[in-house]
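Let me begin by presenting the structure, written as structure tokens, before commenting on it.
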Amino acid sequence: MKTTRVGIIGVGSIALAAHLPSYAARQDVEVVAFADPEVERVSAAAAAFAKETGRPRPCVYGSAEEMLASESLDAVSICTPNTSHVHLALKALDAGVHVLLEKPMATQLDQAQALVDKVTESGKVLMVGMSHRYRDDVAVMKRYVEAGDLGQVYYAKTRILRRRGTPKGWFTDKAVSGGGPLLDIGVHALDVTWWLMGKPEVKSVSGFLYQGIGNDKLDFIQTWKAKAQGNENNEIYTTEDFASAFIRFANGSVLQLEVSWAINGPEDDALQVDLFGAQGGMSLHPLRFYSTAHGVLTSTTPSVGMGPLYQREIDHFLECVHTGAPPCSDVAQGRDVVHMLVAIAASSEQGREITF
Ligand SMILES: NC(=O)c1ccc[n+]([C@@H]2O[C@H](COP(=O)([O-])OP(=O)(O)OC[C@H]3O[C@@H](n4cnc5c(N)ncnc54)[C@H](O)[C@@H]3O)[C@@H](O)[C@H]2O)c1
């Protein structure tokens, strides 16, 4: 059994919660090294990882450049704040390693295109960490759509509405995150819905971004916390906290999106996707198939949960590394999603619809 030698660039919340345990669950993977400027904290994480798993302690480097120059790696996970993604992915591809890149793949369209070009030139795998695509219940929705059970999907609605769920840390600093909930959670909602619809070509985008609530201080709020130092209490809050979009596709179908970190309305934190087709409809959370049979309306509940999505994501990435197969969430699709995201923000800023 060939061992895949993996490095992790950015050892913060998602690396520790999802990437590291999923790699550790595989006997054919060795997590060789960590690269992160917060060396002290990350060295403690490396020691804890070795103690908990009985695996060798990963070497800790203060930068990705040092790690890539010193270690002979097959692949890296990049789990750093958003605006650093493209730069680090280009470095990793230049060093000849495969890349699993956290979402959003990029915060600007020209950078996303540069990454597409580099992946083509390098021949390496770059998979975007669109983790919701790797859910069991989402895979079931995809099966229904592809089997034609919904007919033509002409309308889709997706949302993640947090009443108060602004992540603590760099996320609200636009210079580091590139944007607010649109890039943080909207990217998941948009990506998975567009993918389920069959990745239709975009015709036009209309968007509305707004900071309606911002950094209000309430008690007893549990929220995601960045491990990276700085902006711990969201002192810098230069992003939107709400975003919505209306996207028309060349095949005549439409997608509507709503996401928030904070909103004065009912909590609706789970990713919701509704697909409406001529023959049937389907909803995620709860998973339902809506149709008709024998002259009556029917609703079916497939008995499938979310499943271990991060493990499935890492397993799929490793399979692509081993076989050279293109990943489900590949770089070109990542670029197309970034195109929609930046167009939503541009439409909001310019107060007009953006035509593709
Ligand atoms: N797929 C998901 O479900 C999911 C969930 C949460 C976060 N994310 C994404 O993961 C990324 C990281 O988010 P997080 O919540 O783990 O943040 P975090 O702040 O907890 O972790 C980021 C880590 O990157 C390090 N870092 C910063 N700049 C670096 C650089 N140039 N080189 C190496 N390391 C660097 C920081 O020190 C920190 O340890 C973000 O892009 C976020 O959107 C994805």
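The values are calculated or read from the model by the stated rules, or taken from the named source; none is laboratory data. Small disclaimer: the values here were computed from a predicted structure and weren't measured. Cβ placement follows ideal geometry from the backbone for every residue including glycine, while neighbour counts extend to all protein chains displayed. Side chains are part of the model used for accessible areas, which takes the heavy atoms of the whole protein and leaves out ligands, DNA and RNA. Shrake-Rupley method; radii C 1.70, N 1.55, O 1.52, S 1.80 Å.
Details
- The GluC sites (Glu not before Pro) of the stretch 190-294 that meet both conditions, a loop assignment by DSSP and at most 14 other Cβ atoms within 10 Å of the site Cβ, are 201, 232, 235, 267.
- Pairwise label distance in nanometres, residue 232 with residue 264, each label 7 Å out on the Cα-Cβ vector: 3.1 nm
- Sites residue 349 and residue 216, calculated FRET efficiency, Cβ-Cβ separation with R0 22 Å, nearest 0.05: 0.35
- Computed in the context of the full set of protein chains, the accessible area of the stretch 256-356 at 1.4 Å probe radius has 54% of its extent on carbon or sulfur.
- FRET efficiency, residue 26 to residue 175 (Cβ-Cβ, R0 41 Å, nearest 0.05): 0.70
- Estimated FRET transfer efficiency (residue 306, residue 246; beta-carbon r; R0 25 Å; 0.05): 0.35
- Relative contact order [Cα under 8 Å, 6+ residues apart], the chain, whole percent: 20 percent
- Potential lengthening between residue 59 and residue 298 on full extension [0.36 nm per residue; Cα-Cα distance subtracted]: 80.4 nm
- Accessible area per residue for the stretch 60-116 is 33 Å², calculated with a 1.4 Å probe on protein heavy atoms, without ligands, DNA or RNA.
- Size of charge dipole - the chain - debye, nearest 20, with Cβ of Lys, Arg +1 and Asp, Glu -1, no other charges: 520 debye
- Taken about its Cα centre, the stretch 207-356 carries a charge dipole of roughly 380 debye when the Cβ of each Lys and Arg holds +1 and the Cβ of each Asp and Glu holds -1.
- Take every Cα pair under 8 Å whose residues are at least 6 apart in sequence, average their separation, divide by the length of the stretch 239-298, and the relative contact order is 19 percent.
- A simple count of charges around residue 346, restricted to other residues whose Cβ falls under 11 Å of its Cβ and scoring Lys, Arg +1 and Asp, Glu -1, yields -1.
- Mean-position separation - Cα centroids, the stretch 263-281 and the stretch 44-75, in angstrom: 41 Å
- Mean accessible surface per residue for the stretch 204-356, computed with a 1.4 Å probe while every protein chain stays in place, in Å²: 52 Å²
- With the simple spin-label model, which puts each label point 7 Å out from Cα in the Cβ direction, the residue 70 to residue 94 separation comes to 1.9 nm.
- Taking the accessible area of the stretch 50-97, probe 1.4 Å, and keeping the other protein chains in place, the carbon and sulfur fraction comes to 48%.
- For the stretch 250-307, the square roots a ≥ b ≥ c of the C-alpha gyration tensor eigenvalues yield an a/c of 1.5 or more together with a/b not exceeding b/c, which makes the shape oblate.
- Virtual spin-label span in nm between residue 285 and residue 322, 7 Å along Cα→Cβ: 3.1 nm
- For the pair the stretch 181-231 and the stretch 314-336, the centres of their Cα atoms are 23 angstrom apart.
- Under the combined filter of DSSP loop state and at most 11 neighbouring Cβ atoms within 10 Å, the stretch 218-263 retains these chymotrypsin sites (Phe, Trp or Tyr not before Pro): 220.
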